[in-house]
Amino acid sequence: MNDLSDEEWATHLSRCHDRELGELQRLNDHYEGEQELSYMHPELLKEIGDQIRQVVINWPELVVDAIEERLDVEGFRYADTDSADDELWRIWQANGMDEKSQQATTDALVMKRSFLVVGSNAKSADTPLVTAESPLQMYADFDPATREIRAALKRYNEIDPLTAATRDRFATLYRPNSTVYFKSAGPGTWTVIDRDDHKLGEPLVAMLPNRGRLMVPGGKSELKSVLPISDAACKIATDMMVGAEFHALPRRAAFGFDEEDFVDVNGKQLSVWSRLAGRIWSTSKTRREDGADVLQFPAADLKNFHETIELLARITSSLAALPPNYMGLVADDAASADAIRSRETRLVKRCERRQKPFGGGYERMNRLIMRILDGGWDPRLLRLETMWRDPATPTFAQKADATVKLVTANVIPVEQAREDLGYTAGQRSRMREMDQRALDRAMGGDLAAGYGPKPDPDPEPEPQPVPEPVAA
């Protein structure tokens, strides 16, 4: 594969991406609640037509968001330091990665992976450009020997704002020593329009894989095991609405009547629905003389649908490691603080497992950033650590109490306590400045400098009034 030309790489990656796009789009549709109805017989769909719309119980969104909401990056730290690195955090925020990282995490959980692309910034030479990319637009090829990315391709279209039609198709190929820019010259044909031979030895791409495995470095969707259960719940909910449409109201059978007998007080013929849903029927026909009669069947009970949906919710809760209350289920234990933490144990552990591969992607991103800035590979970056917010949900009072005890016992320093309590890198930096100012005042001998205004140590004597002369 290494002897392929740039055009051949672009064509190969495009074809591989096209083969996977259908699955990725299906996963994305389920997360957005736009999937097609499953488990419904075609004849039943044909009979119902447009009378009933699909009922979507969007459990895939719940499964993904429950994990994403607990994955917050708070900074990056070198192994030989106790605090977050200010320069890496500045570049992170300058590129809007506070918001983009959440989107990249969501896409990775839903569609197996997402990507981070690093490049030079035309607006600021001191701030390399970082973008988060969707797997719907980007595809990567892995070296079978090292399982590292050896080539990646991003494809995007330029849309005409007036007609909303695709005007041009573009692609960017990322290779170890170059970044090549293409424009489509026809179906499956690419023409080079620009290139950047950076000679860094690595593609300027980092990946956030979800649930990657040794033979599946590209990851696996968090929804893989949940989708069949979710589709079944949507089908049962839709069936329940069909049952409510046709069987929830008491059904009647009328004997000895004609169409002309179903009229309102003005003599106007009633519609079919009025005949079905009307509560009171009256007629001049009698049972003895005309043979007219009306029978009423009992209304259908929808309880079986409720029980089936609840069973599917319990299965989904088990597969996704979600507490029962997340699925609207009643838990067996009392709702105490300890019980709530016990329910969330598997969910918290699952979030911690996601922090490792996602953190590896962010650390590779920072190595590429510093390589562009410094012109060399810093060995310290090989031990870079991504700082995550604690995914557990203890109360702040409980966490503060435990942290104070650890500081008092000299188990952890104050800076680590501030990090554990969830203060951001900027807040911790201001706290260190406050500590330094307090220390400077103490070392200067003015121990009371921080406790309000003080009297002037050397006040000037107030002027005394001159006595007026006394008349003789």
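List of remarks:
Yes/no per residue for (1) of a type outside the set (A, V, I, L, M, F, W, C); (2) surrounded by fewer than 16 Cβ atoms within 10 Å (Cβ to Cβ); (3) more than 23 Å from Arg211 (Cα to Cα); (4) in contact (Cβ under 8 Å) with a residue 24 or more places away in the chain:
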position	(1), (2), (3), (4)
Asn95	yes, no, yes, yes
Lys100	yes, no, no, yes
Thr106	yes, no, no, yes
Met111	no, no, no, yes
Ser114	yes, no, no, yes
Ala132	no, no, no, yes
Asp141	yes, no, no, yes
Thr146	yes, yes, no, no
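- Filtered by the rule that a residue be more than 28 Å from Leu214 (Cβ to Cβ) and either modelled with pLDDT of 95 or more or not in a strand (DSSP E or B) (or both), segment 183-203 gives Pro187, Gly188, Asp197, His198, Lys199.
- Every residue from segment 83-117 that is closer than 25 Å to Ile372 by Cα and either of a type in the set (D, E, K, R) or assigned to a strand (DSSP E or B) (or both): Asp85, Asp86, Glu87, Arg90, Asp98, Glu99, Lys100, Arg113, Ser114, Phe115, Leu116, Val117
- Test result for Ala66, assigned to a helix (DSSP H, G or I) and in contact (Cβ under 8 Å) with a residue 60 or more places away in the chain: yes
- Contact map, segment 337-360: first residue within 30 Å of Ala132 (Cβ to Cβ) and assigned to a helix (DSSP H, G or I), second residue of a type in the set (Phe, Trp, Tyr) and at pLDDT below 95, Cβ cut-off under 8 Å, separation 6 or more or different chains; pairs are Gln355/Trp388; Gly359/Trp388.
- Residues that are of a type in the set (Ser, Thr, Tyr) and at pLDDT below 80 are absent from segment 405-419 altogether.
- Residues in segment 1-27 that are out of contact with any strand residue (DSSP E or B) (no Cβ under 8 Å at 6 or more places or on another chain), more than 10 Å from Ala151 (Cβ to Cβ) and of a type outside the set (D, E, K, R) were compared, and the one that is surrounded by the most Cβ atoms within 10 Å (Cβ to Cβ) is Leu27.
The values are calculated or read from the model by the stated rules, or taken from the named source; none is laboratory data. From a predicted model like this one, the values you see are computed outputs, not experimental measurements. Because the Cβ atoms are built from the backbone with ideal geometry, glycine has one as well, and the counts that use them run over all protein chains shown.
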